[in-house]
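These notes are about the structure you will find just below.
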Amino acid sequence: MKALKKSGLLSGNTALLAGILLMLGGDFLFALNDAMGKWLVASFSVGQVVLIRSLGAFFLLGPLIARQGPRQLLRIDSPWLQVLRVVMTTTDTALFYAAVVYLPLADVMSFYMAGPIYVAALSHLVLGEKVGWRRWAAIVLGFCGVLVMLQPSSAAFSLASIFALVGSISFAGAIILNRYLRGTSDTTLVTWQTIGTIIVGGILTIGNWNSPGALDLGAMLLLGVVSCGAHLMITRALKFAPASTLAPLHYTLLLWAVIFGLVFFGDVPGPRILVGSVIVVFAGLFIVHRQKVVDEVPPENVPRGVS
């Protein structure tokens, strides 16, 4: 044991385990946040839920801002990209809650599971990262899975499905911008995206306010704490373990969405959603696997077009 401690192997394994547990915990909190949001938007407008949820996030953000120093919030690089990121995260949040008003939770989460596929495509177009033919094939396959879930016809191509699709693309865009703006502190990033959702939520509640009781108000504030906690746990997980190790764990969100949807709302995913989600998850896992292979092999040993 002493030899292990001296070699650093034990601490390395402990850090990896901590990262995995934090990622699983963060994904569970995200799924819980989604289920709570679906329950609340059944009685309150999307704008009202987004507004009060965002205010609740400051129960966690407040101490972090105080420790970091409020002035640090204004010391940011690439202000216009920061604004674009806030727009993306706000669009993602608002459209997710708009979608779960009409669709089962698992259906909406299936669209969001395509996030890694969109990220792979956008990283090539926006960040100039090389994506070889194998990953492009997986990207195309993933889009086919999304089309299976959308079932594009005049009868089934619903507005709610469009909300989920555009929201998931916004989610991917926010991830790309997170990667680009990684020099900005986590507290600053989360604070500005929360301010953005407060503004949009406030605008959407104009003329559409339903005074909540103490229980509903507490639930919406708790929703903000749960969501913010999920963001912070996943951010910390990425400091303990490689992203390639943690990325596949993100698909546990779909499992939790099915469980919560079945237990709390009686939603049973249909064959179309199950088949589409299997295609999307397979494509996403392959993309993560190829990224890990390329990252681990020295560039001079990777033939052209293999990445």
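The values are calculated or read from the model by the stated rules, or taken from the named source; none is laboratory data. The structure presented is a predicted model; accordingly, all values stated were derived computationally and were not measured. A quick note on method: Cβ atoms are made from the backbone with ideal geometry, for glycine too, and the neighbour counts reach across all protein chains shown.
Some notes on this structure:
- Pairs where the first residue, in the range 28-42, is under 10 Å from residue 223 (Cα atoms) and touching a residue at least 60 places away in the same chain (Cβ under 8 Å) and the second is among the hydroxyl-bearing types (Ser, Thr, Tyr) and assigned to a helix (DSSP H, G or I), C-beta under 6 Å, 6+ apart: 33/227; 37/97
- Here the range 222-274 is the region considered, the condition is being touching a helix residue (DSSP H, G or I) at 6+ places or on another chain (Cβ under 7 Å) and not in a helix (DSSP H, G or I), and the residue that is modelled with the lowest pLDDT is 241.
- Helices (runs of 4 or more DSSP H) wholly inside the range 48-132 containing at least 3 residues that are in contact with a helix residue (DSSP H, G or I) (Cβ under 6 Å, 6 or more places away or on another chain) and modelled with pLDDT of 85 or more: 58-68, 79-100
- Boolean, residue 173 is within 17 Å of residue 254 (Cβ to Cβ) and at pLDDT 80 or above: no
- Within the range 182-217, the set of residues being touching a residue at least 24 places away in the same chain (Cβ under 8 Å), of a type in the set (Ser, Thr, Tyr) and over 22 Å from residue 167 (Cα atoms) comprises 184, 185, 187, 188.
- The C-beta contact set for the range 115-136 (first residue basic (Lys, Arg), second residue modelled with pLDDT of 70 or more and crowded, with 19+ Cβ neighbours inside 10 Å, distance under 7 angstrom, 6+ apart or interchain) comprises 135/120; 135/287.
- Taken over the range 178-198, the criterion of being at pLDDT below 85 and either within 13 Å of the chain's Cα centre (by Cα) or surrounded by 22 or more Cβ atoms within 10 Å (Cβ to Cβ) (or both) is satisfied by 178 alone.
- Residue in the range 83-92 that is touching a Leu at 6+ places or on another chain (Cβ under 7 Å) and crowded, with 24+ Cβ neighbours inside 10 Å present: yes
- Filtering 211, 170, 227 for residues that are surrounded by fewer than 18 Cβ atoms within 10 Å (Cβ to Cβ) and among the small types (Gly, Ala, Ser) leaves a single hit, 211.
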